[in-house]
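J.: Mind having a look at this structure? Questions to follow.
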Amino acid sequence: MLTIKEFRKVQSLEEAYELNQKKTNRIIGGMLWMKMQTGNVNIAIDLSGLGLDTIEETDEEFSIGAMVTLRDLETNKSLNEYTNNAMREAMRHIVGVQFRNLATVGGSIFGRYGFSDVLTMFMALDSYVQLHHAGIVPMSEFAKMPYDNDVLVRIIVKKVPLKCAYLSHRQTKTDFPTLAVAVSHHHDKWQAVLGATPHRAVIIADENNLLNSDFNAENIEKFAEYVKDTVKTDSNIRGSALYRKHLAYVLVKRALLSIRGIDA
């Protein structure tokens, strides 16, 4: 059981940041994973009054507030047009609609959970986190950072030319993924992002430019094999390390073939 002594709806990011410096205080976000923990919280910090629940779009980028829900991401027309519906595919399997109406993107990203479809998806994009104290940090770097007491304000997705696809494998619907895969092409580079390995999501780049040289079935096969051989996997109740490597090969290949089918 999680015991909360005091609830505080903050009036500014600075107030939230100052309160969050105490280890006994916690930012609650959607409070869906946190409520499953056991412990004591002195002050639960609520960001819902700071206007961070909107997705703003300009010609250059999407700006996604920390309190935007996963359901908002799933149903946002512009985000899905930009990602060829990969954003929707990444969100729609997460538990259920009721859950996604409450879970926030800020909580999902800041948690950097090994099982996170959300982190896997955003790492495939030209994306960044805006932290109140540390400023703007590339998502790929943020995913590796240790946990601290900063406040995640928003996520920024740059509108660069993009090809993208998302696939995951689950033992049952609404379960955590056994493996999650996002493949993308931007800034003239192909990459595969693998989550639920079961570690934090990682990026495996096409270092040999196989897919840029010729985006054909043979090179797709070679890159899928390269990802399988390169990715570090481990075993847990949802699958063995060897099974995850096989899934990496299958899902990367399927995702790339789906993109090739669109380009054809």
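The values are calculated or read from the model by the stated rules, or taken from the named source; none is laboratory data. Everything numeric in this text was worked out from a predicted model, so none of it was measured. Here Cβ is always computed from backbone atoms with ideal geometry, including for glycine, and neighbour counts include all displayed protein chains. We work out accessible area using only protein heavy atoms, side chains counted, and drop any ligands, DNA or RNA first. Shrake-Rupley method; radii C 1.70, N 1.55, O 1.52, S 1.80 Å.
J.: Looking only at the stretch 86-129, which residues are open to solvent by 20 Å² or more (accessible area, probe 1.4 Å), at pLDDT 95 or above and in contact with a Phe, Trp or Tyr (Cβ under 6 Å, 6 or more places away or on another chain)?
T.: If the condition is that a residue be open to solvent by 20 Å² or more (accessible area, probe 1.4 Å), at pLDDT 95 or above and in contact with a Phe, Trp or Tyr (Cβ under 6 Å, 6 or more places away or on another chain), then 89 is the only one that fits.
J.: So is residue 169 out of contact with any His (no Cβ under 8 Å at 6 or more places or on another chain), surrounded by fewer than 16 Cβ atoms within 10 Å (Cβ to Cβ) and within 30 Å of residue 212 (Cβ to Cβ) or not?
T.: It is false that residue 169 is out of contact with any His (no Cβ under 8 Å at 6 or more places or on another chain), surrounded by fewer than 16 Cβ atoms within 10 Å (Cβ to Cβ) and within 30 Å of residue 212 (Cβ to Cβ).
J.: Sticking with this one: Considering only residues that are farther than 19 Å from residue 166 by Cα, in contact with a helix residue (DSSP H, G or I) (Cβ under 8 Å, 6 or more places away or on another chain) and open to solvent by 50 Å² or more (accessible area, probe 1.4 Å), which ones fall in the stretch 231-264?
T.: Those that are farther than 19 Å from residue 166 by Cα, in contact with a helix residue (DSSP H, G or I) (Cβ under 8 Å, 6 or more places away or on another chain) and open to solvent by 50 Å² or more (accessible area, probe 1.4 Å): 234, 235.
J.: Scan 106, 111, 96 and give me the residue that is under 17 Å from residue 196 (Cβ atoms) and in contact (Cβ under 8 Å) with a residue 24 or more places away in the chain.
T.: Answer to the selection: 111.
J.: Filter the stretch 251-264 down to the residues that are without any contact (Cβ under 8 Å) to a residue 40 or more places away in the chain and either in a helix (DSSP H, G or I) or among the hydroxyl-bearing types (Ser, Thr, Tyr) (or both) and list them by number.
T.: Matches in the stretch 251-264: 253, 261.
J.: If I ask for residues that are outside any strand (DSSP E or B) and open to solvent by 10 Å² or more (accessible area, probe 1.4 Å), which ones from the stretch 172-197 would you list?
T.: 172, 173, 174, 175, 176, 187, 188, listed by residue number.
J.: Condition check: more than 17 Å from the chain's Cα centre (by Cα), free of Cβ contacts under 8 Å to residues at least 40 places away in the same chain and under 24 Å from residue 80 (Cα atoms). Does residue 161 satisfy that?
T.: Spelling it out, residue 161 is indeed more than 17 Å from the chain's Cα centre (by Cα), free of Cβ contacts under 8 Å to residues at least 40 places away in the same chain and under 24 Å from residue 80 (Cα atoms).
J.: Within the stretch 201-212, is there a residue that is of a type in the set (Asp, Glu), within 21 Å of residue 241 (Cβ to Cβ) and surrounded by fewer than 22 Cβ atoms within 10 Å (Cβ to Cβ)?
T.: no
J.: For residues that are farther than 20 Å from residue 155 by Cα and of a type in the set (A, V, I, L, M), scanning just the stretch 33-58, find the one that is surrounded by the fewest Cβ atoms within 10 Å (Cβ to Cβ).
T.: Residue satisfying both the conditions and the ranking: 36.
J.: Would you tally the residues in the stretch 1-19 being open to solvent by less than 50 Å² (accessible area, probe 1.4 Å) and touching a residue at least 40 places away in the same chain (Cβ under 8 Å)?
T.: 4
J.: Residue check, residue 208 against (1) in contact (Cβ under 8 Å) with a residue 40 or more places away in the chain; (2) assigned to a loop (DSSP other than H, G, I, E, B), all met but one. Which one?
T.: (1)
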